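Just below is one structure, and these are the notes that go with it.
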Amino acid sequence: MKMTPAHYWYCFQGILIREYLRFIQQRTRFFSALVRPLLWLVVFAAGFRAALGIAIIEPYETYITYEVYIAPGLCCMILLFNGMQSSLSMVYDREMGSMRVLLMSPLPRWFLLVCKLISIALVSLLQVYAFLLIALLVDVEPPLWGYLAVLPALLLVAVMLGAIGLFISSWIKQLENFAGVMNFVIFPMFFLSSALYPLWKMQESSEWIYWICTANPFTYAVELVRHALYLKFDGTACSVTLATALIFSVFAIKGFNPQRAAGGGKPG
Amino acid sequence: MSIEVDKISFRYARKTALSELSFILENGQFCALLGPNGAGKSTLFALLTRLYALQQGNIHIQGLDLQTAPTQVMQQLGVVFQQSTLDLDLTVQQNLAYHASLHGLCGATARVRIAQELERMAMKERAHEKVRSLNGGHRRRVEIARALLHQPSVLLLDEPTTGLDPQARKALNLHVRQLCTDSMITVLWATHLIDEVLPEDRVLLLHQGRLLSSGTGLDLCNLSGQSHMADAFEQLTQVPAQIPGQAPTKEQAV
């Protein structure tokens, strides 16, 4: 039987439904994923509110509070943790468990992995929107249409982070546990970006940290989300995020192939 | 022929897992892949299911080359893995629907196929129960139902009775044999438990990556000059045969 576009569509639907069902089964994971950014928003931002003065910067049209500034970065933080965690479990599971079932599909493996990345991204968006709703309580109030405009930006960022996660966990054997990924990938990516401080502030304190921040794709992801949330479009941020997503997807799919790992597996 | 394995060899970094392995299985045949732990059974399954890439040799399923026509080959294969791959927090129906979608079956077709296979496995009334609430035997039946959803012509089972009690093991074995006669499905049943194999069964005896015997269980006995398959297995592999219910010997426990 030849595979038609309809077969591909049913396959994508199935993978998405499964991710959604798993998501609603694991409510505790959902709430714990929200606790982290909310702590940053409520506790960390409260402390820094007085210490930092934020000038009027794009895309904002007026002076903003620190909570308003870090909210887009925290949205990306949710996607970052989800993307890395899911990708790591995909690699860990590839020779057993659910990933092995996935790989038994007759459809091409690149397609299955892309479906999986997009499904994980879509489910992560539910957490981001829950976070944005709670953020209303601390006066993070983007324009109403911003909630819609940010959707494609969040999706692109989530796919990019999932692809980076898949790439890292497939190619770098030393990072095969989450603690390693957290210390060497998540934290540097998050802190060395514009998520917590605007780039000009970074430049004021250290030129080389500023330079690293501008080379970090997470900076562009945060700026893409920040601009979209306030109904602006940042072309550079969009291009960098899109290009990073594409490049890492290609290498991640190439690296993920369990056939590549066969030389190092266990005999059975 | 249904499965044709031609001179396949496979090496891990420091160990040869399979060496010049060749065999042919006919349509509707029940074949036991017998061998002690570490014989290369799981490696063979990993190669048949494209989890590992072939390093040497060829595999054809229903005349289709695994390397040049992977999509068509995967449509022909149903697989039950050694470790359970069901999602415990989802219902039986949800697990099966997921698998159906991976094979490109639309919702309506999938529902019909799921109902048919659950009926065949006498599991229809459990369709909406979570897998977590099922016992080991029922979970295995669900996995077989799942493997048959897309109507494959070949069913691969990698030590499917692991963790089951004797009654459930026997029932599962009978179920699968019935599939061969009723639906002409070719079955490759990997096991290290000798009592799951009948003397008239086709038996592939694998040991240290080499095929020691490729006839029936009786041929195995003749080859070794023993009257029981357990003794034949022991003589040919120098590993005591495992018969459930008997305490493992010191060597088996190692």
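The values are calculated or read from the model by the stated rules, or taken from the named source; none is laboratory data. Remember, predicted model here, so these are calculated numbers, not experimental data. Note: ideal-geometry Cβ built from the backbone for every residue, glycine included; neighbour counts use all protein chains shown. Ligands, DNA and RNA are stripped out before the accessible areas are found, and what is left, the full protein with its side chains, is counted by its heavy atoms. Shrake-Rupley method; radii C 1.70, N 1.55, O 1.52, S 1.80 Å.
List of remarks:
- For the Cα trace of the protein assembly as shown, dividing Rg by the Kirkwood Rh returns an Rg/Rh value of 1.06.
- Per residue, the accessible area of the protein assembly as shown comes to 43 Å², computed with a 1.4 Å probe over protein heavy atoms only.
- Other residues within the sphere of radius under 13 Å centred on the Cβ of B:LEU66, judged by their own Cβ, net out at -2 (K and R +1, D and E -1).
- Point-to-point label distance, A:LEU199-A:THR62, nm (Cα→Cβ direction, 7 Å offset): 2.7 nm
- Stretch gain in nm, segment A:THR28-A:SER206, where the contour uses 0.36 nm per residue and the Cα spacing is subtracted: 60.1 nm
- B:LEU90 sits among other residues whose Cβ lies under 10 Å from its own Cβ, and their net charge, with Lys and Arg +1 and Asp and Glu -1, is +2.
- Inter-part distance, region B:114-189 to region B:1-77, computed on C-alpha centroids, equals 22 Å.
- The modelled label-to-label distance between A:TYR8 and A:ARG49, using points 7 Å beyond Cα along the C-beta direction, is 5.0 nm.
- Rounded percent of accessible protein surface that carbon and sulfur make up, the protein assembly as shown, 1.4 Å probe: 60 percent
- Rg followed by Dmax, in Å, when chain A is reduced to its Cα trace: 19.2, 66
- Pairwise FRET efficiency - B:LYS170 versus B:ASP6, Cβ, R0 = 51 Å, nearest 0.05: 0.90
- Span-like helix ranges in chain A, DSSP H, alpha carbon extent 27 angstrom or more, Kyte mean at least 1.6: A:109-135, A:144-171
- Between B:LEU223 and A:THR214, the FRET efficiency from the beta-carbon distance, with R0 = 51 Å, is close to 0.10.
- Shape call, region B:1-65: gyration tensor on alpha carbons, a/c limit 1.5: oblate
- Once all protein chains are placed together, B:THR16 keeps about 60 Å² accessible to a 1.4 angstrom probe.
- Förster-model FRET efficiency, 45 Å R0, B:CYS106 and A:PHE233, C-beta, rounded to 0.05: 0.75
- Cα gyration tensor category, rounded, prolate or oblate, for region A:109-205 with a/c compared to 1.5: oblate
- Beta bridges per DSSP with both ends in the protein assembly as shown, % antiparallel, nearest 5: 50 percent
- The modelled label-to-label distance between A:TYR20 and A:ASP139, using points 7 Å beyond Cα along the C-beta direction, is 3.8 nm.
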